[in-house]
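Student: Attaching a single structure in structure tokens format; questions to follow.
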Amino acid sequence: MTYAALTGWGMYVPERVLSNADLERIVDTSDEWIVQRTGIRERRIAGPGETSATMGVRAARQALDRAGVDPRDIDILVVATSTPDQLMPSAACVVQTELGAVRAGPMDVNAACSGFAYGLAVGTQFVRSGTSKTVLVIGTDTLSRFLNYQDRGTCILFGDGAGAVVLQATDEPTGVLSIDLGAIPNTGEMLEIPGGGSAHPASPETLDQKLHYMTMQGREVFKHAVRAMGESTLKVIADAGLTPDQVSLLIPHQANIRIIDAMAKRLELPMHQVFVNIDRYGNTSAASIPIAMCEAQEAGLLKRGDHLAITAFGGGLTWGSALIRWSV
Ligand code: ACO
């Protein structure tokens, strides 16, 4: 049996910090409201010239260095993003060129904030089926370019960033042990960027109607997120033949501290076994989980053989969870 070991991890966040105090000067909000309702204190915003692909490349270089993998040895390159640099070519093609991953098959995967779980699932399947030996999975998003900074219901929530992992074939039972992906039908309008695609191609009218911005029905998304992430996490734990008390760390998508608290209660996990960095980065969409993985590893919270549960929820409305045995 072949498994996909996680042998490298890396992250990148832009330098520019946008604090709650900064947002108080832009929209009718307060630091107190944002902290109490979301747990966010600040987020990073991409600078001029920074894009989902450029941030992804920075995270990928770190992950490849840690794994000791030459970019020319990557077989498959998956970029999870809902904010590619352009509609065409894919962000993965841009990353391939920048990294010099000349042999890699590049592809984008779009499941919004759940994207990294989907990318990890795709990458793991390529390795476990024996098709590929080395896969790079990146989660990267630049949602600041799609936010309406007059809409206090969305602009306070999101930040930019990227995270990456390297998967390598091994005989050892490690890496992703179980995965659960899904979406709730007929909920697309609850969280969307309607303009710029084939339904509403960019035009003066779509700009006037602000269709190029993200819109969200926050309260509805919140309720679906708590339920889907809770059920999906319990499923991947059970599918791996484990019980929640055998999970050493839960990394939930960093969307709202109240969603994270609800998840911890549902799984009866003490908060020190639940990773939280939403205060510093806000919701970085597909980058949220790989960034958290890097920081958890650096904080000494992940050791070889530990069982880590990841779970995410986002536009679609999609969810994605995985139970991972930490490999190194
Ligand atoms: N500052 C001050 N007041 C605000 C703000 C703000 N930034 N935003 C909303 N309010 C007000 C509202 O206008 C409302 O006022 P009203 O009662 O007078 O009408 C009040 O606060 C409550 O608004 P709600 O929307 O009900 O607030 P809620 O407690 O639901 O928090 C939030 C809003 C933070 C958006 C929450 O619903 C949430 O986190 N939703 C989930 C988001 C999520 O998980 N997204 C999934 C991933 S994203 C992706 O895939 C790209």
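The values are calculated or read from the model by the stated rules, or taken from the named source; none is laboratory data. Given the structure is predicted, the values throughout are model-derived calculations rather than measurements. Positions of Cβ are generated from backbone atoms using ideal geometry, with glycine treated the same way; all protein chains shown enter the neighbour counts. The area values use the complete protein model at the heavy-atom level, side chains included, leaving out ligands, DNA and RNA. Shrake-Rupley method; radii C 1.70, N 1.55, O 1.52, S 1.80 Å.
Student: Rank by packing, highest mean first: peptides 280-289, 140-149, with packing defined as the count of other Cβ atoms within 10 Å averaged across residues.
Tutor: 280-289, 140-149
Student: I need the fraction of alpha carbon pairs in the stretch 177-325 separated by more than 18 Å, rounded to a whole percent.
Tutor: 59 percent
Student: Note down the net charge around residue 200, summing +1 for each Lys or Arg and -1 for each Asp or Glu among other residues with Cβ under 15 Å from its Cβ.
Tutor: Result for the neighbourhood of residue 200: -3.
Student: Enumerate the amide H contacts of residue 282 below 5 Å, restricted to partners 5 or more residues apart or on another chain; note that Pro and chain-start residues carry no placed amide H.
Tutor: Here 41, 42 satisfy the definition.
Student: Per-residue HN-Hα couplings for the stretch 118-132, Karplus 6.51 cos²θ - 1.76 cosθ + 1.60 at θ = phi - 60°, whole Hz, x for Gly and Pro?
Tutor: 5, x, 5, 5, 4, x, 4, 5, 4, 6, 5, 6, x, 5, 9
Student: Let me spell out the model: positive unit charges on the Cβ of Lys and Arg, negative unit charges on the Cβ of Asp and Glu, origin at the Cα centre of the chain. What dipole size does that give, in debye rounded to 20?
Tutor: 380 debye
Student: Quick one: pull the percent of accessible area on the stretch 177-325 belonging to carbon and sulfur, 1.4 Å probe, ligands and nucleic acids left out.
Tutor: Accessible surface attributable to carbon and sulfur in the stretch 177-325 totals 53 percent.
Student: If you average the C-alpha positions of the stretch 184-231 and of the stretch 32-60 separately, how far apart do those two centres end up, in angstrom?
Tutor: When both Cα centres are located, 20 Å separates them.
Student: Ignoring ligands, DNA and RNA, what accessible area per residue does the stretch 239-284 give at 1.4 Å, in Å²?
Tutor: Ligands and nucleic acids excluded, the figure is 41 Å² per residue.
Student: Which whole-Hz couplings ³J(HN,Hα) result when phi for each residue of the stretch 20-37 is put into the Karplus expression 6.51 cos²θ - 1.76 cosθ + 1.60, θ = phi - 60°, listed in order with x for Gly and Pro?
Tutor: Rounded to whole hertz, the list is 4, 5, 4, 5, 4, 7, 9, 10, 7, 8, 9, 4, 4, 4, 5, 5, 5, 8.
Student: In whole Å, how far is the Cα centre of the stretch 118-181 from that of the stretch 271-328?
Tutor: Here the two parts' Cα centres lie 10 Å apart.
Student: List, in order, the whole-Hz ³J(HN,Hα) value for each residue of the stretch 95-106 obtained from phi through the Karplus relation with A = 6.51, B = -1.76, C = 1.60 and θ = phi - 60°; use x for Gly and Pro.
Tutor: Once θ is set to phi - 60°, the couplings for the stretch 95-106 become 4, 4, 4, 4, 7, x, 8, 5, 8, 6, x, x Hz.
Student: Also, quick follow-up: By its C-alpha gyration tensor, with a ≥ b ≥ c as the square roots of the eigenvalues, how is the chain shaped: rounded for a/c under 1.5, else prolate for a/b larger than b/c, else oblate?
Tutor: Oblate, because a/c is 1.5 or more while a/b does not exceed b/c.
Student: Restricting to the stretch 177-325, what percent of DSSP beta bridges are antiparallel, rounded to 5?
Tutor: Roughly 75 percent of the beta bridges in the stretch 177-325 run antiparallel, per DSSP.
Student: Starting from the Cα of residue 303, draw a straight line to each of the lysines and keep only those under 25 Å, dropping any in the same chain fewer than 8 residues away.
Tutor: Qualifying lysines at Cα under 25 Å: 133, 235, 265.
Student: Which of the aspartates and glutamates could a cross-linker bridge to residue 210, judged by Cα under 19 Å and excluding same-chain residues fewer than eight apart?
Tutor: Result set, ordered by chain and number: 151, 189, 192.
Student: How much of the accessible area of the stretch 3-171, in percent, comes from carbon and sulfur atoms when a 1.4 Å probe is used?
Tutor: Solvent-exposed carbon and sulfur of the stretch 3-171 make up 48 percent of the total.
Student: Moving to a separate point now. Give the Rg (one decimal place) followed by the Dmax (whole number) of the stretch 169-251, computed from C-alpha coordinates and expressed in Å.
Tutor: Just the Cα atoms of the stretch 169-251 yield Rg and Dmax of 19.2, 56 Å.
Student: Further question on the same structure: In percent, how large is the relative contact order of the stretch 177-325, given Cα pairs closer than 8 Å and 6 or more residues apart?
Tutor: Normalised by residue count, the contact order of the stretch 177-325 is 36 percent.
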